[in-house]
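Since every read-out is calculated from the coordinates, none of them should be taken as a lab result. Just so you know, these numbers come straight off a predicted model, no measurement behind them. All Cβ positions, glycine included, derive from the backbone under ideal geometry; neighbour counts span all protein chains shown.
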Amino acid sequence: MSCWTDQWKDFVTRTSYLQTLAEEKISNDQFWRSYGIYDQALMYSGYPGEILAKISSIISPGATLLDIGAGTGAFAIPLSRKTSRTIAIDPSEYQLQIMSLKARQEGLTNIVTIKKEWKDVLLSEIMAAGVSDVDISREHVPQSDNYAVDYSLAAYSLFDEDIEHFLIKMIDAAKKGVFIVFRANGIDSLSEFAYGPKPYADHTCLYHILSDLGYQFDVMLFPRNYSLPMDLVFQQYRFSKKSHVELLGHLSQEGRLEEKEDGIWASFQTTDALLYLIH
Ligand SMILES: C[S@@+](CC[C@H](N)C(=O)[O-])C[C@H]1O[C@@H](n2cnc3c(N)ncnc32)[C@H](O)[C@@H]1O
């Protein structure tokens, strides 16, 4: 184990939302059910933005895609317009239901869901999901080797203490390429104010773990500046012990509040990193 894998483990167990699950004694699915504004917040924040265009420009038409921790489909839905089949994995039934509803509304019939954590998914399940009753487009070359899919992707979903196993498994599953999306910025001061100082990890931690495993990923950074209405910010920080007044006070001190016709909005700056390996 390297200091980077230790850092990741610390982040997953003590900082990430998995700690909230433990503290609040709620399941992963309950967490996402209590955060029904997730898609709305994504819309205001311009996510996934340019990263999606970059990934879409790399994957070949008719390819198969594995989206690990697909959530409400920020990547799975738009990329499935290009894939022959997308296998969307997520342990939350609620998240998968929202994604499936969006897929139906778009007339997409090539998404298969598997309701599990990545560590519990068998590669044979993915292979079975990838070759059943769907029309494989002409460009797609049927796989005659042991790769489960052409591309694998995990965006803000690498919540596993055994990050090496998580990463190796997603690399081994994909024949043509691997995409990882995670934050490249420091911790937002609001988060530290709301929850106190916590262990931290960003994309460099993942980059070093991959490098130590012998994989040299390329990295691209995508900054995003955006504003959110305060009712969404309060929802995001619903498990904080700070009151709404205290959260507003902190943002006001930092000059991040703006009064608009429909209420108070707060500004945010973030940067997403895309780590990718193309064979
Ligand atoms: C922050 S959301 C990201 C969703 C989507 N990838 C996106 O970029 O919008 C994290 C998702 O990862 C899922 N997740 C958490 N731990 C996971 C694991 N060990 N394996 C697979 N998915 C996981 C959660 O249920 C949740 O839907």
Given the conditions (1) closer than 13 Å to Gly71 by Cα; (2) within 10 Å of the ligand (Cβ to nearest atom); (3) free of Cβ contacts under 8 Å to residues at least 40 places away in the same chain, and given that Tyr94 satisfies all but one, which numbered condition is not satisfied?
-> (3)
Scanning for something farther than 20 Å from Thr271 by Cβ and within 14 Å of the ligand (Cβ to nearest atom), does region 47-60 turn up at least one residue?
-> no
Selection status of Arg85, touching a helix residue (DSSP H, G or I) at 6+ places or on another chain (Cβ under 9 Å) and surrounded by fewer than 17 Cβ atoms within 10 Å (Cβ to Cβ) = no
Which ones in region 52-73 are in contact (Cβ under 8 Å) with a residue 40 or more places away in the chain, surrounded by fewer than 22 Cβ atoms within 10 Å (Cβ to Cβ) and aliphatic (A, V, I, L, M)?
-> Ile58, Ile59
State which residue is farthest from the chain's Cα centre (by Cα) when the search covers only region 251-279 and only residues that are of a type outside the set (Ser, Thr, Tyr) and assigned to a helix (DSSP H, G or I).
-> Gln253
Looking across region 1-33 at residues that are in contact with a helix residue (DSSP H, G or I) (Cβ under 9 Å, 6 or more places away or on another chain) and among the hydroxyl-bearing types (Ser, Thr, Tyr), the single one that is nearest to Pro91 (Cα to Cα) is Ser27
